[in-house]
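Enquirer: I'd like to ask some things about the structure below.
The values are calculated or read from the model by the stated rules, or taken from the named source; none is laboratory data. Computed from a prediction, not measured in an experiment: that's the story for all the values here. We place every Cβ from the backbone using ideal geometry, glycine too, and count neighbours over all the protein chains shown. Just the protein is used for accessible areas: all its heavy atoms, side chains included, with ligands, DNA and RNA removed. Shrake-Rupley method; radii C 1.70, N 1.55, O 1.52, S 1.80 Å.
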Amino acid sequence: MKKFILGVALLVTLAISFTGCRGEEIRVFNWGNYMDESIFAEFRAQTGIRVRYSNFGSNEEMHTRVTGGGGAFDLIFPSDYMIERMIREELLLPINFDNIPNIRYIDERFFYLPFDPENRYSVPYKWGTLGILYNAVMVREIAGDIVVDSWDILWDERFAGNIFMYDSMRDSFTPPLKRLGYSLNTTDIDELTAARDMLIQQRPLVRAFLGDLVKDSMIGNEAALALVFSGCARFSMGHNSDLNYVVPREGSNIWFDSMVIPRGARNQAGAEAFINFLSSPEIALRNTLYTGFTTTNWATLEMLPDEIRNDPAFWPSDEVIGISEAFIHLGEFTAVWDRAWVEVLATR
């Protein structure tokens, strides 16, 4: 039955009526290198809708653009805690799931999660972990036979100038908080201050805080260690055989990115058409192979070769999931985090 369903999936997409959308456009705001842009022409051929595409580097940057008049968008791709925040701030539109029949291919485990408990505002896109991407050859040259399995290595002075951190507040606070045994969602001022001080202590060792550029930098052997998302790690590992990825034993972040429609959208029907298009198994497969990030589409997962499905950087083990923690929205305490992050970045 599943094979039959897969065979007609694209036909279902083609058969949907997009009355009122033909000849129009949608404005899509997404993470960098998070979609195979060659699919836009195919979507336009099927629907008549042109995709205007732009990128952001962090959830906070995206939120600022959406709320600050820096751009009006029809479809955006935030992470879990930011979706929760935007729901509370009434920044998102409920999705008309009647326009998304391909929702049937999304694994049920990714619905009704705490950030969207009624499953009204989001459609799952990708998920994964945060960990350390390391160059095994460079690590061995610098520190001998050291085992990379703890956040401690990001504070090892032998790696001064050989560490990339991620240019994102919540992600960069993950290593010190987990190293200290605290929750990634702490609202305890003393715990946050301790994590801030640990990041300030680390600053002389850090070569740079990078976003999407970290992938190419690690491929090019520019540093031995990097804080990265699992999909970024898998992409880089595919281009440099010296690279490996690990989720440290202290635990980390498990994240979920979803497709949502902001309240300022001008073409909700077009956005829903694109969500449906992206949720078809064939298109989700192309995006998965292009990005390296883990799919939420059960039908696409069945289409992937075993070497990808069995790669822990692509599909984390139950043990890794068990020691990982999802971000939640911190409410008014977010301002305290913001100040702590500014203080970290201001350190030289």
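Enquirer: For residue 27, are the conditions met, namely being basic (Lys, Arg) and either open to solvent by 40 Å² or more (accessible area, probe 1.4 Å) or at pLDDT below 95 (or both)?
Expert: No.
Enquirer: Follow-up. For the condition among the hydroxyl-bearing types (Ser, Thr, Tyr) and at pLDDT below 95, what is the one hit in 172, 236, 168, 252? Please lay out each step first, then the result.
Expert: Values: 172 fails: at pLDDT below 95; 236 fails: at pLDDT below 95; 252 fails: at pLDDT below 95.
Only one candidate qualifies: 168.
Enquirer: Oh, and also: Any residue at all in segment 50-64 that's at pLDDT below 95, of a type in the set (Asp, Glu) and open to solvent by 10 Å² or more (accessible area, probe 1.4 Å)?
Expert: yes
Enquirer: For a quick check of your reading of the model, give me the residue pairs whose first member lies in segment 31-43 and is aliphatic (A, V, I, L, M), whose second is open to solvent by less than 30 Å² (accessible area, probe 1.4 Å), with beta-carbon atoms closer than 6 Å and at least 6 apart or on different chains.
Expert: 35/287; 39/283
Enquirer: Same structure again: In the list 74, 80, which residue meets the criterion of being touching a residue at least 12 places away in the same chain (Cβ under 8 Å), within 14 Å of residue 261 (Cβ to Cβ) and buried (at least 23 other Cβ atoms within 10 Å of the Cβ)?
Expert: 74
Each row is one residue, and each column tells you yes or no for (1) more than 22 Å from residue 326 (Cβ to Cβ); (2) assigned by TED's automatic domain parsing to the domain that holds residue 160; (3) among the basic types (Lys, Arg).
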{"site": "172", "(1), (2), (3)": "no, yes, no"}
{"site": "178", "(1), (2), (3)": "no, yes, yes"}
{"site": "181", "(1), (2), (3)": "no, yes, no"}
{"site": "186", "(1), (2), (3)": "no, yes, no"}
{"site": "191", "(1), (2), (3)": "no, yes, no"}
{"site": "195", "(1), (2), (3)": "no, yes, no"}
{"site": "200", "(1), (2), (3)": "yes, yes, no"}
{"site": "205", "(1), (2), (3)": "yes, yes, no"}
{"site": "208", "(1), (2), (3)": "yes, yes, no"}
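Enquirer: If residue 255 meets every condition in (1) in contact with a Lys or Arg (Cβ under 8 Å, 6 or more places away or on another chain); (2) under 22 Å from residue 210 (Cα atoms); (3) open to solvent by less than 60 Å² (accessible area, probe 1.4 Å) apart from one, which number is that one?
Expert: Single failed check for residue 255: (1).
Enquirer: Looking at the structure I just gave you, is residue 272 surrounded by 23 or more Cβ atoms within 10 Å (Cβ to Cβ), in contact (Cβ under 8 Å) with a residue 40 or more places away in the chain and more than 16 Å from the chain's Cα centre (by Cα)?
Expert: Yes; evaluated as a whole, the condition is true for this residue.
Enquirer: OK, next. Could you grab me the full set of residues in segment 283-320 that are open to solvent by 10 Å² or more (accessible area, probe 1.4 Å) and over 21 Å from residue 235 (Cβ atoms)?
Expert: Once the filter is applied, which keeps residues that are open to solvent by 10 Å² or more (accessible area, probe 1.4 Å) and over 21 Å from residue 235 (Cβ atoms), segment 283-320 yields 298, 302, 318, 319.
Residues checked against (1) over 25 Å from residue 91 (Cβ atoms); (2) out of contact with any Asp or Glu (no Cβ under 8 Å at 6 or more places or on another chain):
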site	(1), (2)
256	no, no
276	no, yes
294	yes, yes
306	yes, yes
314	yes, yes
319	yes, yes
335	no, yes
347	yes, yes
